[in-house]
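Worksheet for the structure shown next.
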Amino acid sequence: MINRGEVSRKLIHLTNVIIPVGYLFLFPSKIHMLIILSCLSVIFIFLDFSRTRIGWMKTIFGKMFNFMLRTHELDGRLTGATWVVIGSFLTVALFQKEIAILALLFMGLGDTVAALFGAKFGRIRIWNKTVEGTLAGLVVCLMVSACFPGMSVWVRTGGAVSAMIAELIPLPVDDNIRIPIISGTIMMFLSSLGV
């Protein structure tokens, strides 16, 4: 069963598509995007640090966001939003533009659909995820990848599949980093093979 906090969290997660869409249309230069994301990373890390150590910040942040935070985030670790910005910075830094944009869309859209669909309809569990959620996320990733016809279908498909495998496997790295980095790496590797 999905709770209000998780729905809110995932709906906010959808706004992450602003980053790849901004990279595609508003800030076409990699250096401009990296400057923006590095500034955002510093701001988000500062806010995460402040929300657990400065009284008035703790009160305001708690009233606005605590209902959607996970236990480890309430304990003072970085929030998912901070990891999104850090993961986006790393993805833009590491990969060519089209690969970075697609990897970030996989994170923003595929991961969100996988979580919401899996919580509502999932029955078959693998680790702490559901097969149904992962397959729904994969369908969305494949649909998104179809919007990039300039890339090989094999590269796009490999990226989509690897993004959802990264979402499924419980690695000790936040999924907002592992999804775009793993899918971006696979797409870069497949591109280098000329498939």
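The values are calculated or read from the model by the stated rules, or taken from the named source; none is laboratory data. Every value quoted in this text rests on a predicted model; they were computed, and no experiment measured them. So basically every Cβ, Gly included, is an ideal-geometry build from the backbone, and we count neighbours across all protein chains shown.
List of remarks:
- Any hit, region 12-20, residues being part of a helix (DSSP H, G or I), over 17 Å from the mean Cα position of the chain (by Cα), over 23 Å from LYS120 (Cα atoms) and at pLDDT below 95: no
- Condition check for LEU168 on (1) in contact (Cβ under 8 Å) with a residue 24 or more places away in the chain; (2) under 23 Å from ALA93 (Cα atoms): one failure, at (2).
- Residue that is surrounded by the most Cβ atoms within 10 Å (Cβ to Cβ), among those in region 93-143 that are in a loop (DSSP other than H, G, I, E, B) and at pLDDT below 95: GLY122
- Qualifying residue in region 181-193 (condition: out of contact with any Cys (no Cβ under 6 Å at 6 or more places or on another chain) and over 27 Å from MET33 (Cα atoms)): yes
- In the set (1) part of a helix (DSSP H, G or I); (2) in contact (Cβ under 8 Å) with a residue 40 or more places away in the chain, PHE148 fails one condition alone, (1).
- Residue match in region 42-63 (condition: modelled with pLDDT of 90 or more, touching a His at 6+ places or on another chain (Cβ under 8 Å) and buried (at least 18 other Cβ atoms within 10 Å of the Cβ)): no
- Selection from region 144-160 of residues that are hydrophobic (A, V, I, L, M, F, W, C) and surrounded by fewer than 16 Cβ atoms within 10 Å (Cβ to Cβ): ALA146, CYS147, VAL153, TRP154
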